[in-house]
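I have placed the structure first, in the form of structure tokens, so that the comments after it can refer back to it.
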Amino acid sequence: METTITIKKRFAEKMRRGYPLIEQAAILEHNQHIQEGAMVTVVDEVGSFIGKGYYGKQNKGIGWILTKYKDEQINEAFFMTRIQAAFDRRKQLFDDQTTTAFRLFNGEGDGVGGLTIDYYNDYYVVTWYSEGMYQFRDDIYSVLKQLATFKGVYEKKRFAQKGQYVEDDDFVMGERGEFPLLVKENGMNFAIYLNDGPMVGVFLDQKEVRKSIRDNYAKGKEVLNTFSYTGAFSVAAALGGATKTTSVDLAKRSLPKTIEQFSVNDIDYEEQDIVVMDVFNYFQYAKKKGKAFDVVILDPPSFARSKKRTFSAAKDYTGLLQEAIAITKKDGVIVASTNCSAFSLEKFHTFIQEAFKKEKAKYQVLEEYSLPNDFRTIKSFREGDYLKVVIIKRK
Ligand code: SAH
């Protein structure tokens, strides 16, 4: 069933230039109730064709344009060309023995918004961001079977309200894995669980930052890793020769998970500190004890709600940085990271400037990182390029 969606004038121009997300606010009207997975033709107010895509309600937007060609059919052959191109672009990554986990297909960056595919050492994980996208399941798995050799495939459904993960047995086909599955990233080991909730144990978009911490900032340093999750940055720092790492995360599971990541890298976890605590309480504790660090890593979620407070990166990053500055030694380094797509790198720089001004400290930007190449992005969809990492020297 095909449906026509008419886009408001002020949105039509940017969509014609390649902006692929169909935003709720952009819709003037559509001619009937639309079902998840329905094909949609997007037109402007005078009825001229903009693109063709599918309806699928996500956290942001209600669907994606997939082609600007009226006659192109959205079918298995369509997905075959997109996924084949994604494989071709990442050929070298498959040959690299020191990195066995990476993103194979990055949504709109590879031509299909609402779908990602990650590779973990002979296993694939397909993430579906809407029920609509999930309607193409058979086509996508048929293509994957034809193009990839794998041991097994798992999937994550993130299409309950607000992109929340749908609890399920995530196994799809092939053989089931034995977990933890060990993967390598620039020679570091990570323990991965493909069937244990929405997150698998490591965020692949930070690989360049982990490598830089290991190679450039860790040797002989005391490193504090806040919002540490499974401690991947701490592992990188320890492997780079940090004298000690301190990992702080609120979640109880972070303790055994971090011990495991250290252990699979032959690092004695008993020589590291792993603290289950609210980061903001840890800052108070550190200040009271007069503790200061050579390197402080900040990688908070975009939004977090704990018992006492809510944290929003867009509103509260400046304050977070102030706390970090207060316990960073002179000439020490702050790794300021955010995956929040709601503000730009320029804006992030104003947060940094403001925080240092308020703390009456000087700084110098040493390095900046955004998404690595396997997380392919397109210029016409800037919010897809969400990762911003600024490595700062406190002077
Ligand atoms: N930096 C991590 C990823 C962070 S994911 C990495 O590179 O692997 C976000 C983490 O922040 C989650 O593990 C969550 O438990 C933690 N978190 C959220 N709010 C927190 C708070 N107030 N204090 C400490 N940890 C928090």
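The values are calculated or read from the model by the stated rules, or taken from the named source; none is laboratory data. What you see is a predicted model, and the numbers here were worked out from it, not measured in a lab. All Cβ positions, even for glycine, are placed from backbone atoms using ideal geometry, and neighbour counts span all protein chains on display. The protein model used for the area step is the full one, side chains on, heavy atoms only, and it has no ligands, DNA or RNA in it. Shrake-Rupley method; radii C 1.70, N 1.55, O 1.52, S 1.80 Å.
Using a 1.4 Å probe on the protein heavy atoms, what percent of the accessible area of the stretch 203-394 belongs to carbon and sulfur?
C and S atoms contribute 48 percent here.
Mind giving me the nanometre distance, one decimal, between the label points for residue 13 and residue 81, set 7 Å out from Cα along Cα→Cβ?
3.0 nm
Just to confirm the number: angle between the C-alpha axis of helix 76-89 and the first principal axis of the chain, 0 to 90 degrees, nearest 10?
So the helix axis and the longest Cα principal axis differ by about 30 degrees.
Can you give the charge dipole size of the stretch 3-67 about its Cα centre, rounded to the nearest 20 debye, using +1 on the beta carbon of Lys and Arg and -1 on the beta carbon of Asp and Glu?
220 debye
Can you tell me the accessible area per residue over the stretch 203-394, all protein chains present, probe 1.4 angstrom, in square angstrom?
Per-residue value: 47 Å².
Using a 7 Å offset from the Cα along the Cα-to-Cβ direction at both residue 165 and residue 32, what is the distance between the two label points in nm, to one decimal?
3.8 nm
Could you work out which residue, out of 32, 84, 353, moves most in a Gaussian network model of the chain, that is, has the largest mean-square fluctuation with Cα springs under 10 Å?
Checking each option, the largest mean-square fluctuation is seen for 32.
Once both axes come from the Cα atoms, what is the angle between helix 137-147 and the longest principal axis of the chain, in degrees from 0 to 90, rounded to 10?
70 degrees
Please give the peptides 253-262, 106-115, 219-228, 165-174 ranked by average Cβ packing (other Cβ atoms within 10 Å per residue), highest first, as a rough proxy for protection.
106-115, 219-228, 253-262, 165-174
Hey, with R₀ at 22 Å, roughly what FRET efficiency would residue 251 and residue 195 work out to, going by the Cβ-Cβ distance, to 0.05?
That gives a FRET efficiency of 0.70.
Which value, in Å² and to the nearest 10, is the accessible area of residue 103 when all protein chains are kept and the probe is 1.4 Å?
We get 30 Å² for residue 103.
With both bridge residues required to lie in the stretch 244-394, what share of the DSSP beta bridges run antiparallel, to the nearest 5%?
60 percent
Computed over the Cα atoms of the chain, what is the convex hull's projected area averaged over all directions, in nm²?
19.9 nm²
Please report the antiparallel percentage of the DSSP beta bridges confined to the chain, to the nearest 5.
Around 60 percent of the beta bridges assigned by DSSP in the chain are antiparallel ones.
Arranged from highest to lowest average of other beta-carbon atoms within 10 Å per residue, in what order do the peptides 94-100, 237-243 appear?
237-243, 94-100
Fully extended, how many nm does the chain gain between residue 330 and residue 219 (0.36 nm per residue separation, minus their Cα-Cα distance)?
Answer, rounded to one decimal: 38.3 nm.
Leaving out ligands and nucleic acids, and using a 1.4 Å probe, what accessible area per residue does the stretch 41-194 come to in Å²?
With the other protein chains kept in place, the stretch 41-194 gives 44 Å² per residue.
Treating the angle as unsigned and between 0 and 90°, give the value, to the nearest 10°, between the Cα long axis of helix 345-358 and the longest Cα principal axis of the chain.
It is inclined by approximately 30 degrees.
Cβ neighbours within 10 Å, averaged per peptide: list 382-389, 129-136 in order, most packed at the top.
Ranking, from highest mean packing down: 129-136, 382-389.
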